[in-house]
Amino acid sequence: MANRTHKSPQIVIHPAEIVAEMSFDALKGVKVAFINMPLRESALPNTPPQGPALLAARLRKYGAEPTIIDLNAYRINNAAADMGENRPNGRLLTHNEASALIAAHFDKHGTPDIIGFSGMITTLRWQEAMLPVCREAAPDAMLLSGGGLATELRAGLFQWMPELDAIAHSEGDDIILVIAWLVGRARAAGARQWRGHSAFAPYHHGELGGRDRFVFGGDRPKNLDDLPFAAWDLLEEDVLGEPILEKYIGVPVWGMAANNSSATPFSMQRSLTTVSSRGCPYKCAFCYRGAQGERIYGMRSAEDLAAEAEWLKRSYDIDFLGFPDDNFAVDKRRIVKLPGALQGLGLRWGTHTRLDEADERLDDMAKSGCVYIGFGAESAAERVLHKMDKGGFILRRGLTRLEGSGDYEFPVTMVDGIRNCRDSGIHANCTWILGYPDEDLEDLKTSVAFILWQRRLYTENLNAGTADYEAALQSVNAKMFTATAYPGTAMFREPVVRQKLAENFSIQFAENGQPIYNAAFRNYVLELDDATKILLNLDGEPLYYGAMTMNQFLEARQFVEEDRLEDILEM
């Protein structure tokens, strides 16, 4: 059958308006299974899939029967787990093991009407592998991809995943209810094949490979405080009796044991996370914000956060709560309410925000239990910060030279932010990017000098060699991510990035600068299967976009890996 494609009619109605007309039994009997895809094998899973858990709680409120299969929760540790490679935390499930788990889940909970695949762009390989498994197990179910992958690549996914029926992009809280309602209407009308039901016509994207495809656009819920808390009970035990949620709780959200870009001078025994805001009002060139509401910022109230924190502590006996959203402190009005809302819980917590927000807000955050803030510093070099589109808020207060840091100049905002955190008793963790387009050796040395200054700040007045000194020294993050170009970002459109992607991956670009969805682009996205992975060029060397020579970059990266930052200053 010939392929037919056309653009969907403009959907002018907010999905929340459809939801507003639903009764609380409108989705009765509709079975929805969410499958969360695996992420970094090198790290123990420490953040349970809140996206599917939030959607499940929302569906359950209207009578649906949601379940969650979390393929990321497993790290196999046995005699055969290593398979000849260094896997200190165990390995992921094999595709066969994941298929067996899905089959057992469906046997217990029934064949679902909708199967939702959740995951970031790094999960394309796993989604491609699990789609045929689910199609065979549930021939009449809607196979739906949502989350970061679907939001970033949209309908282009249909060309790569023949079994995929639909994608749901952007925020899914309301649109998942609409989708379940439409499937329920089709089933009630006796339509075994829901695809032909007229209710789906407004979302019809076209026909590809003999299959009708659908695109559902999500949007921001009217009031984030009205959303139910995540349905963590669905992860308390899997069909094999594994205590999935308890495993997550036992792995620190942040800190050295988390094996991510965070470092802390303290430890946590039982931790969970929840998101306090959606969207980002800023536009850092390396970042894709589509899955979190684009640049439209919205937040939950201090009172709602306190209610959830109290519930999580009471239900799961946590001693630390993480808010991993990037812009916790944007609104000062919420910050001043935090002591009154959170102070009495006796719960430590942490979050992410920007260094220019590390001001008088820190006092109220500290009073309410905040002990950790992650900052996306990325670079301390003026030129690179401008290139990253971070210069506007980081550089507005100018540059300064610090005693003991040579001739390097640092943004005043960054220096004051770190000092203010220290004075407030909050640990400041900065993340860094190495090899950003146009970054030269002097730019990198500036970032390194800043890291070394933070180390001196954190260890001053401590005796070298003591336990306190070593803890403070190790708590300053010195890891650097090598810059990776993700589709949908401004960095992806940089001339040097497009040139190297064309040369090394044969990616082709349309006149509007967007990649053409062909086999070459798919192969590149498949390579993005781990955020910490170093992509390679055709010569087997790291795919590098900066202005240093390749030899300089390789030498600097080696020094970073060996924690020999001082040697970079001597290059």
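The values are calculated or read from the model by the stated rules, or taken from the named source; none is laboratory data. Here the structure is a predicted model, which is why all the values come from computation and not from measurement. With ideal geometry, Cβ positions are generated from the backbone for all residues, glycine too; neighbour counts draw on all protein chains shown. The area values use the complete protein model at the heavy-atom level, side chains included, leaving out ligands, DNA and RNA. Shrake-Rupley method; radii C 1.70, N 1.55, O 1.52, S 1.80 Å.
Summary table
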read-out	value
Lone cysteines, the chain (no partner Cβ under 4.7 Å)	Cys134, Cys280, Cys370, Cys421, Cys430
5 angstrom amide H check on Leu434, placed H, neighbours 5+ away	Phe481, Thr482, Ala483
Under-5 Å amide H pairs with Ile69, H placed in peptide plane, nonlocal only	Phe34, Ile35, Asn36
Whether the stretch 417-504 is rounded, prolate or oblate, judged on the alpha carbon gyration tensor where a/c under 1.5 counts as rounded	prolate
Label point distance in nm, Lys367-Ala103, each placed 7 Å from Cα along Cα→Cβ	6.0 nm
Entries in Lys283/Lys332; Lys283/Lys367; Lys222/Lys313; Lys387/Lys445; Lys283/Lys533; Lys332/Lys367 that, when Cα-Cα distance is taken, lie over 19 Å	Lys283/Lys332; Lys283/Lys367; Lys222/Lys313; Lys283/Lys533
Debye, to nearest 20: dipole size of the stretch 135-198, +1 on Lys, Arg Cβ, -1 on Asp, Glu Cβ	320 debye
Inter-part distance where the stretch 195-234 and the stretch 114-189 are each reduced to a Cα centre, Å	9 Å
Share of Cα-Cα pairs in the chain lying beyond 40 Å, as whole percent	26 percent
Of all accessible heavy-atom area on the chain, the percent that carbon and sulfur account for (1.4 Å)	49 percent
For the stretch 392-501, accessible area per residue (1.4 Å probe, heavy atoms of protein chains only), Å²	40 Å²
Ratio of the Cα radius of gyration of the stretch 30-188 to 2.2 N^0.38 Å, where N counts its residues	1.04
Sorted peptide list for 131-137, 459-465, criterion being average Cβ within 10 angstrom, highest first	131-137, 459-465
For the chain: relative contact order, % (alpha-carbon pairs under 8 angstrom, 6 or more apart)	12 percent
Largest-first principal axis extents of the Cα set of the stretch 206-339 (Å)	53, 46, 32
P(r) tail fraction, the stretch 358-464 - alpha-carbon pairs more than 20 Å apart, %	41 percent
Long-range HN-HN contacts of Phe320 with modeled amide H, under 5 Å	Arg270, Leu272
Derived scalar couplings ³J(HN,Hα) [the stretch 217-224; Karplus, 6.51 cos²θ - 1.76 cosθ + 1.60; whole Hz; x for Gly, Pro]	x, x, 7, 5, x, 4, 9, 5
Whole-number percent relative contact order across the stretch 363-485, with pairs defined as alpha carbons under 8 Å at least 6 apart	30 percent
Whole-number D in µm² s⁻¹ for the stretch 164-276, Kirkwood Cα-pair radius fed into Stokes-Einstein, 25 °C, 0.890 mPa s	136 µm²/s
The stretch 329-461 - charge dipole about Cα centre, Lys and Arg +1 at Cβ, Asp and Glu -1, debye rounded to 20	620 debye
Proximal aspartates and glutamates relative to Lys247, as straight alpha-carbon distance under 17 Å, when same-chain residues fewer than 8 apart are discounted	Glu41, Asp70, Asp233, Glu236, Glu237, Asp238, Asp317, Asp319
Cβ-based charge dipole, the stretch 165-251, positive-most Cα from Tyr203, Leu177, Tyr248	Tyr203
Cross-link reach list, lysines versus Lys28, counting only Cα pairs under 21 Å and skipping chain neighbours closer than eight places	Lys61, Lys108
Cα-centre dipole for the chain with unit charges at Cβ (Lys and Arg positive, Asp and Glu negative), debye to 20	1460 debye
